[in-house]
Amino acid sequence: MTTVTDRPGYAAPAPAPGTEAGVLDLRSVNAYYRTFRAVRDVSLSLRPRAITALIGPSGCGKSTILRVINRMHETIPGARVEGSVVLDGVDLYRRDVSAVRVRRTIGMVFQKPNPFPAMSIFENVASGMRLAGEKKSSVLDGRVEASLRRAALWDEVKDKLRQPGTSLSGGQQQRLCIARSIAVEPEVILMDEPCSALDPVSTLRIEELMVELRQDYTIVIVTHNMQQAGRVSDVTAFFSMGDDRAGYLVESGPTSRIFSAPTEKLTEDYVSGRFG
Amino acid sequence: MDDRLRRLTRSGGRLLSADALFRRSTLVAVLAAGALLVLLFAVLVAQSWPIWADRGIVPFLTTPTWAPNYVDPVTGATSVQIGALPMIVGTVLSSIIGLVVAGPLGVLVAVFLVEYSPRRLAIGLTFLVELIAAIPSVVIGIWGLYVFSIFSRDTFQWWIASTIGRVIPFCAEDPANPTRFSVFTAGMVLAVMIVPMVVAVSREVIRSVPLSLREGHTGMGATRWETIRHVVLPTARIGILGGVMLAFGRALGETIAVTMVIGNVDQVPTSVFQPGQSIASKIATNLGDVTDQVELAGLLGLGVVLLVVSVGLSVIVRLLARRLGGAYVAS
């Protein structure tokens, strides 16, 4: 199995002390859908400028955790969260914190590419900035181009920025969605199985992009694909489902260790493909 | 031929010929339905032929008076002056009023039902809206005649006429002669009748906007309203437009309720607060006791105009729907 250690270029650069932004702490997080507890008592620290992969069998609450982080979980009727998610010292679930603001700081890329069909490629990328109140077209033009370049999409779309975002291929659409989320300069990017709807070539391009984006963001990715977790992530957190069907964190640590020498038997069984 | 082989050949089994029979009978049914429309159109055109042949299409559509025995006030000479213009203007104006009121209202109701309302409330409200659609149009006509028209004449009609009426054409009122029988009242009656249609279509289209798109926008830090405005409504706009046009078609052809309140005066109204006449109301009021052959042909000619406009509108909606169907292919 390929791990980070096999590919030296993937090692995360050590951040300069005192300049940390995007430090994310989950403290005793419980997530519920009405009375059903989907996530039990998860505490996890996420490092900035690193990719953390959340892995585990279906139904273990990985996606729910992701949606708890940017407060998308609560948009589902009856859903609620206990515990706290702390970003750079601020509890995102504090009463006076606005969920809308949180989502501008913590971007999200979804399983299925979801460009807005009524918007052009340009408008898709600009939409987040417009939400944040940016009106100057010079600023918008510059940031749209920079974001598309960053998402390695600029050369493919620069001549058709006015065409609908849905006219692109699946892989391009997903890169458009990544460009859209980085255009608002978030601190954290959450990716919920971003490659599960894509072909292998597109998947590779997205993975390269993630590794490239790691320099500036805290990236959290949910994936079913353990090779992917091994290829791109620095830290892996393994989740499983308890007897009460609630997902919980089994263990987390550097990806190389989780894949080569996990502490828990359950983790070993999963990463070696014996269950899940 | 071997018995076993025969069972496998096309004409061998009885099952297959029953299938063919059924397929053919459905084909006949489809052809009959199509023929009905063509036949209807042909008969209407044939019966109204004198109007098209003797007076011509353009004069018929643009003559602003309806007088089979027109007496020239100066010369005293009589002539035939049969024109569809008063009815066309009355029909279009009243339907536009209905649309301007029912369109935004219906879309807002649909947005509330899908996006904001708790599920149980939505079910109850949807039922209520569907009940409006079940009200016989003559009953809505009674409401227009005895409740709405009096209320509007005595309260806000003058206010509308003296504010909006100064800017938008056709909205001024004759202050000396306020009337309850007007194109405006007809339009409001139509609005009540087409609101359920706008709501029903918009609700379905809005609901069909995928959750993934809403979440994509919410996940970028958009409020509920911003997502509705920037993603949901734009994505659903073609479908909503289709629903609104379908409702417009319904308004164009509505007869009895309009006949009750529009005033039935064959004049080209210069204001919506004047009495007028719609195509359907003209046919309904006059067809029973018409004796003049030319006038009869004129009334049937009005029918042709209405039919062409309604069918044309419905074709446009179908074309729009096809475009809408392709909208999600790429996403």
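Bear in mind that the values in this text are calculations on the coordinates, not laboratory data. Bear in mind the structure is a predicted one, so any value in this text is a computation, not a measurement. In this analysis, Cβ positions are derived from the backbone assuming ideal geometry, glycine residues included, and neighbour counts consider all displayed protein chains.
What the table below lists for this structure:
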{"read-out": "Reachable lysines, given that their alpha-carbon falls under 26 Å from the alpha-carbon of residue A:112 and they are not under 8 places away in the same chain", "value": "A:62, A:158, A:160"}
{"read-out": "Cα gyration tensor shape of chain B, rounded if a/c is under 1.5, else prolate or oblate by comparing a/b with b/c", "value": "oblate"}
{"read-out": "Cut-off under 5 Å, modelled amide H: who pairs with residue B:63 long-range", "value": "B:84, B:85"}
{"read-out": "Residues of type aspartates and glutamates that residue B:282 reaches as a straight line, Cα spacing below 18 Å, ignoring anything fewer than 8 places off in the same chain", "value": "B:254, B:266, B:292, B:295"}
{"read-out": "Inter-part distance where the stretch A:120-166 and the stretch A:61-85 are each reduced to a Cα centre, Å", "value": "29 Å"}
{"read-out": "DSSP-defined antiparallel bridges as percent of all bridges, chain A, nearest 5", "value": "60 percent"}
{"read-out": "Three-way shape call for the protein assembly as shown based on the alpha-carbon gyration tensor, with the a/c threshold at 1.5", "value": "prolate"}
{"read-out": "Centre separation in Å (Cα based) which lies between the stretch B:120-192 and the stretch A:209-259", "value": "62 Å"}
{"read-out": "DSSP bridge orientation in the protein assembly as shown - percent antiparallel, rounded to nearest 5", "value": "60 percent"}
{"read-out": "Between the stretch B:48-76 and the stretch A:30-47, the Cα center-to-center distance that results, in Å", "value": "80 Å"}
{"read-out": "For chain A, calculated [θ]222 nm from helices alone, where every DSSP H run of n ≥ 4 adds -39500 (n - 2.57)", "value": "-9500 deg cm²/dmol"}
{"read-out": "Distribution of pairwise C-alpha distances over the stretch B:218-331, 5 Å bins, in %", "value": "2, 10, 14, 14, 13, 11, 9, 8, 7, 5, 3, 2, 1, 0, 0"}
{"read-out": "Residue-wise HN-Hα coupling along the stretch A:185-192, computed from phi with Karplus coefficients 6.51, -1.76, 1.60 (Hz; x: Gly, Pro)", "value": "6, x, 9, 10, 10, 9, 10, 9"}
{"read-out": "Whichever aspartates and glutamates have a C-alpha closer than 17 Å to that of residue A:135, once near sequence neighbours (fewer than 8 apart) are set aside", "value": "A:123, A:145, A:185, B:226"}
{"read-out": "Proxy reagent accessibility, fewest Cβ within 10 Å first, across B:217, A:73, B:230", "value": "B:230, A:73, B:217"}
{"read-out": "Surrounding net charge for residue B:89, when Lys and Arg each add one and Asp and Glu each subtract one, Cβ distance under 14 Å", "value": "0"}
{"read-out": "Chain B: calculated mean residue ellipticity at 222 nm from DSSP helix runs of at least 4, using -39500 (n - 2.57)", "value": "-21500 deg cm²/dmol"}
{"read-out": "For residue A:79, distant residues with modelled amide H under 5 Å away", "value": "A:34"}
{"read-out": "Inter-probe distance in nm under a simple model that places probes 7 Å from Cα toward Cβ, at residue B:208 and residue B:168", "value": "3.0 nm"}
{"read-out": "Signed unit charges on C-beta, dipole axis of the stretch A:99-157, positive-most listed residue A:128, A:142, A:115", "value": "A:128"}
{"read-out": "Max mean-square fluctuation residue, GNM over chain B, Cα-Cα springs under 10 Å, options B:104, B:269, B:210", "value": "B:210"}
{"read-out": "Average beta carbon contacts from partner chains per residue of A:108-117, 10 Å cutoff", "value": "6"}
{"read-out": "Among B:104, B:225, B:43 - extreme Cα towards positive end, dipole of chain B, charges at beta-carbon", "value": "B:225"}
{"read-out": "Cβ-placed point charges (K, R +1; D, E -1), dipole of the stretch B:48-165 about Cα centre in debye, nearest 20", "value": "260 debye"}
{"read-out": "Student exercise, the stretch A:189-232 dipole from Lys, Arg, Asp, Glu Cβ charges, in Debye to nearest 20", "value": "100 debye"}
